[in-house]
Amino acid sequence: MACQGIDLLSTKAAGDDHGENSSYFDGWKAYDTNPFDLRHNRGGVIQMGLAENQLSLDLIEEWSKNHPEASICTPEGVSQFKRIANFQDYHGLPEFRKAMAQFMGQVRGGKATFDPDRVVMSGGATGAQETLAFCLANPGEAFLVPTPYYPAFDRDCCWRSGIKLLPIECHSFNDFRLTKEALVSAYDGARRQGISVKGILITNPSNPLGTITDRDTLAMLATFATEHRVHLVCDEIYAGSVFATPEYVSIAEVIERDVPWCNRDLIHVVYSLSKDFGLPGFRVGIIYSYNDAVVAAARRMSSFGLVSSQTQYFLARMLSDEEFIGRFLQESKCRLVARHERFTSGLREVGIGCLRGNAGLFSWMDLRRMLREKTAEAELELWRVIVHQVKLNVSPGTSFHCREPGWFRVCHANMDDETMEVALGRIHDFVRQHQQRRVKAERWAANRQLRLSLPHHHHLSPAHLSSPLALLSPQSPMVRATS
């Protein structure tokens with residue numbers, strides 16, 4: 001029926017430029033059709049493709065129980081029901097914007113200040129990114145983005161706005177750090193193609209790398225933006241999920257302390273409570289712009305994706321509790337570092353390394369040695385085995401526009417300890433089986449070479465020369481990982 005009626009839809013609705021034709025989203029579909037459950041489906045797919053923080057939700061639950069007045073649906077808070085239920089100003093509740101500005105400063109260690117009047121709401125960071133795309137660029141114009149980058153940016157920023165994302169190529173030899181040389185190369189390359197570059201988009205901390213952008217690089221970006229009159233959008237939705245040194249540095253701090261002369265009209269911050277607080281269902285996204293015109297336009301556009309007044313009311317009270325927020329951020333940090341260490345040490349037990357990270361809810365896992373060959377096709381073959389046979393939904397580096405095959409993002413903060421141990425057990429079994437097959441293949445190759453070097457080797461039957469190399473193929477059958 002849907003196919004028959006496709007001609008009744010708009011080009012936008014009927015087209016496939018939505019950005020979801022990606023292995024990143026295909027892995028989610030595999031999980032959705034067979035989700036793992038400790039009690040009811042231990043053979044299902046474990047979700048390791050979702051960057052979600054479930055490690056500290058108990059702290060928010062406890063605060064909620066101790067503060068029933070924060071909800072308008074309790075006897076303690078019902079006196080505010082009529083005021084909140086009828087509130088629909090797209091500026092947002094004044095107490096919410098004040099609390100959010102205070103919280104954003106607290107997350108950044110008090111090293112930057114935020115003006116409540118510049119806080120613009122949106123329906124999650126997805127809505128914030130799209131709103132900025134509409135505000136800052138026209139269809140066909142482009143933003144430069146360091147690789148690897150979050151796959152859904154292709155949907156969030158481009159699908160409805162019509163803008164383009166062009167890669168700034170970064171590489172593993174320097175831990176995928178963004179350099180001025182790479183930025184200039186991408187900028188000049190776009191200009192040579194006749195593409196108008198309107199800005200630079202970065203995530204800090206990085207998704208998927210789990211690393212932070214250092215102060216000097218942020219200062220370089222602000223300077224480049226000023227000199228070339230392009231925007232700089234800093235997605236900082238993991239700012240409160242930095243769990244180890246070096247300390248986090250926000251662009252807000254850099255433009256106050258390091259490059260105060262830069263053109264602030266070009267600087268914009270995206271934030272959210274989905275990651276640091278683990279509240280994606282609340283759909284709280286924030287645009288913080290230093291440009292008055294952008295603030296005004298984004299606020300008008302926010303009418304299409306407002307945060308409910310009930311949610312604003314609850315969060316205004318929780319975020320204003322500085323003592324609780326301080327304890328929450330510290331405890332969340334401790335839990336994140338413990339989970340990160342347990343997971344990465346578990347990988348090291350079978351010889352798997354990860355990029356050294358200190359932030360985020362994931363690790364950038366290096367499986368380059370397990371590839372059949374160093375190609376994107378070989379990476380996707382390996383990924384299919386991991387998803388459909390090992391039954392772990394991890395995300396391949398190609399979906400993050402990484403040009404070096406063999407890297408995978410693995411999320412590990414979205415599950416309990418027992419599920420994580422099951423996941424590690426499956427990885428251990430898979431890697432050991434792969435190692436055993438490789439050893440057999442290497443022995444066979446050595447024996448074959450020896451036989452070929454002997455006289456009359458042409459009398460050997462084809463069966464003696466048959467190769468076990470197929471055992472190394474990610475397409476080959478595999479014993480199901482135990483759970």
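None of the figures in this text is laboratory data; all of them are computed from the coordinates on show. Note that the structure is a prediction, hence the values are computed from the model and not measured. Glycine gets a Cβ as well: all are built from the backbone with ideal geometry, and neighbour counts include every protein chain shown.
Full extension of the chain between Cys334 and Gln433 gives 32.2 nm of extra length, using 0.36 nm per residue less the Cα-Cα distance. Over the stretch 266-364, the fraction of Cα-Cα pairs per 10 Å bin, rounded to whole percents and listed from the shortest bin up, is 12, 31, 29, 20, 7, 1. Between Thr11 and Ser185, full extension at 0.36 nm per residue minus the direct alpha carbon distance yields a gain of 59.2 nm.
Mind running the shape call on the stretch 201-327? Use the C-alpha gyration tensor, a ≥ b ≥ c as the square roots of the eigenvalues: rounded below 1.5 for a/c, prolate if a/b tops b/c, oblate otherwise. It comes out oblate by the Cα gyration axes. Taking the Cα centre of the chain as reference, the dipole from Cβ charges on Lys and Arg (+1) and Asp and Glu (-1) amounts to some 1400 debye. Sorting the segments 146-158, 37-49 by their residues' average number of neighbouring beta-carbon atoms within 10 angstrom, most packed first, yields 146-158, 37-49. The distance linking the stretch 366-435 with the stretch 249-317 is 34 Å (Cα centroid to Cα centroid, whole angstrom). Working note: Cα atoms of the stretch 183-261, range along each principal axis, descending, whole Å: 42, 30, 17.
Name the shape class, rounded, prolate or oblate, that the alpha-carbon gyration tensor gives for the stretch 82-158, where a ≥ b ≥ c are the square roots of its eigenvalues, rounded holds for a/c under 1.5, and otherwise prolate holds if a/b is larger than b/c and oblate otherwise. Oblate. Is the shape of the stretch 67-319 best called rounded, prolate or oblate, per the rule: a/c under 1.5 gives rounded, else a/b larger than b/c gives prolate, else oblate, with a ≥ b ≥ c the square roots of the Cα gyration tensor eigenvalues? Prolate is the answer for the stretch 67-319, as a/c is 1.5 or above and a/b outweighs b/c.
Per-residue packing, averaged as other Cβ atoms within 10 Å, sorts the ranges 348-354, 218-224, 201-207 into the order 201-207, 218-224, 348-354, beginning with the highest.
Take every DSSP beta bridge whose two residues both sit in the stretch 67-319; close to 35 percent of them are antiparallel. Were the residues from Ala244 through Glu421 laid out at 0.36 nm apart, the gain over their Cα-Cα distance would be 61.4 nm.
What FRET efficiency comes out for the pair Gln54/Asp115, r = Cβ-Cβ distance, R0 = 30 Å, nearest 0.05? In this case the efficiency is close to 0.40. Pick out, from Gln435, Phe324, Val184, the residue whose Cα sits farthest towards the positive end of the charge dipole of the chain, with +1 on the Cβ of Lys and Arg and -1 on the Cβ of Asp and Glu. Selected residue: Gln435.
Computed from the alpha carbon atoms alone, the convex hull of the chain holds 198 Å³ per residue. Summary of the geometry: the stretch 137-160 and the stretch 207-245, compared by the centres of their Cα atoms, lie 16 Å apart.
On a 0 to 90 degree scale, rounded to 10, what angle separates helix 23-33 from the longest Cα axis of the chain? Approximately 90 degrees, to the nearest 10.
Scaling against 2.2 N^0.38 Å puts the C-alpha radius of gyration of the stretch 1-151 at 1.46.
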